[in-house]
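The values are calculated or read from the model by the stated rules, or taken from the named source; none is laboratory data. Here the structure is a predicted model, which means the values were calculated and not measured. In this analysis, Cβ positions are derived from the backbone assuming ideal geometry, glycine residues included, and neighbour counts consider all displayed protein chains.
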Amino acid sequence: MDKRTKKITAMLAAAVFVMGTLTVQAEGTADSVETMETMAAKDVDLSDFSMPEFEDHTHEMQIDVETNLITDTENEILHISERMNQRAAGVLPDNPRAVVAGELTEDDNMDMYFFSATASKFMIAQLSSENVNYEVRLYIVDYETGDITPTNICGTAGNLIGINGLPADDYVFVVYANDGTAGDAYTLKINAANPSGSIASTVKITNDFRLILRYTNGDIYGDGTYIYNISRMNQENAQMEWTRNEDFSWGSGYIHRSHDVYNVNIKEVVGPASYSSSYATSDNVMLVYCDVDTGFAYMESAYQSGPDHEYERSFVDTFGKMTPRSLTADDFETFSHILVYDLNTGKAIDFYSPLNYYYACGAEGAPAVTFYQ
């Protein structure tokens, strides 16, 4: 028995609970506490609950990039103060994933986008423009001297450039026309979020340069966030644990509910996608389809003051089963159980499942999910 299950089991052993339906007399209940909020989890009607089946929204591809960053001695070392255009230079976040747009003119014939790599990174970039003579080059920045030194990472519009092993340092992407022309717009896409390393494949690259990589050791990273390891899908995956605690109170009583998903066994992971529900929202998530033996715990307690001072507690989930427990094959016969893993924070932010009381009873509607292409 794992430590997490032992902890919850000990809590169970010490608790006094009632196996039946919670019966709470909500006299004086606030308007915000709906009648369904006093329904016991085991009495939830799941007949209209529908779950999406797994759909594979990923694809694997190879990206050929440089493995060494070399100073390009054939190109001129520039000085920031002399070459800065009239518009403010763009300053990107550290280890950026960014899409920026601009336009070169005769007066403003060079655009600069500064950023820093805080550790060795897998970096790709692409310049798009109708002007095939527009070019982007990566420079190393020396802020003490003001010099920017050209590197071998460069390419004209339409070409994918990059390096596996961009050293921690300060950099700037410079956009210019190699024939002196101007007047055309461009878009520059950059992703320097993922760690460098031995890459097995690119699992997904989207139009806006969200990048999911699989490394030869089995690790999967998305935009710098560790997701899981393909050889350890049936292990604890502590980074995906999810807990939700809610309290509803009024002058004469309260209801408390808690959900806990742990020891996550993974069946499939798909994405990236945007996600929006009543409970959680993110523009960059992966959907984690849980598998048999994933741990789940549910607790519901209620108190109502009055002559009998009613207090009840139950650990029975919406399937009518006592928790904490490990999900079994019959839990998956009709439904999927999906953790929503946020790549922006590296945490699970929602659990879309009929085991989630708020989805099962209809208190919260189905979320909106849009996969990035």
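The table below gives the values:
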| item | result |
| --- | --- |
| Selection count where residues are touching a Lys or Arg at 6+ places or on another chain (Cβ under 8 Å) and either surrounded by fewer than 15 Cβ atoms within 10 Å (Cβ to Cβ) or more than 27 Å from ASN68 (Cβ to Cβ) (or both), scope the stretch 202-235 | 4 |
| Condition check for ASP169: farther than 29 Å from SER231 by Cβ, of a type outside the set (Val, Ile, Thr) and at pLDDT 95 or above | yes |
| Unmet criterion (only one of (1) buried (at least 16 other Cβ atoms within 10 Å of the Cβ); (2) under 28 Å from the mean Cα position of the chain (by Cα)) for ASN344 | (1) |
| Residue in the stretch 281-304 that is at pLDDT below 95 and part of a loop (DSSP other than H, G, I, E, B) present | no |
| Residue among SER336, SER278 that alone is surrounded by fewer than 16 Cβ atoms within 10 Å (Cβ to Cβ) and not in a strand (DSSP E or B) | SER278 |
| Matching entry among THR149, THR145 (being over 30 Å from the mean Cα position of the chain (by Cα), part of a strand (DSSP E or B) and not basic (Lys, Arg)) | THR149 |
| ARG83 being surrounded by 13 or more Cβ atoms within 10 Å (Cβ to Cβ) and at pLDDT below 95 | yes |
| Selection status of GLY271, within 30 Å of ARG313 (Cα to Cα) and assigned by TED's automatic domain parsing to the domain that holds THR328 | no |
| Conditions (1) at pLDDT 95 or above; (2) assigned to a loop (DSSP other than H, G, I, E, B): number failed by ASN164 | (2) |
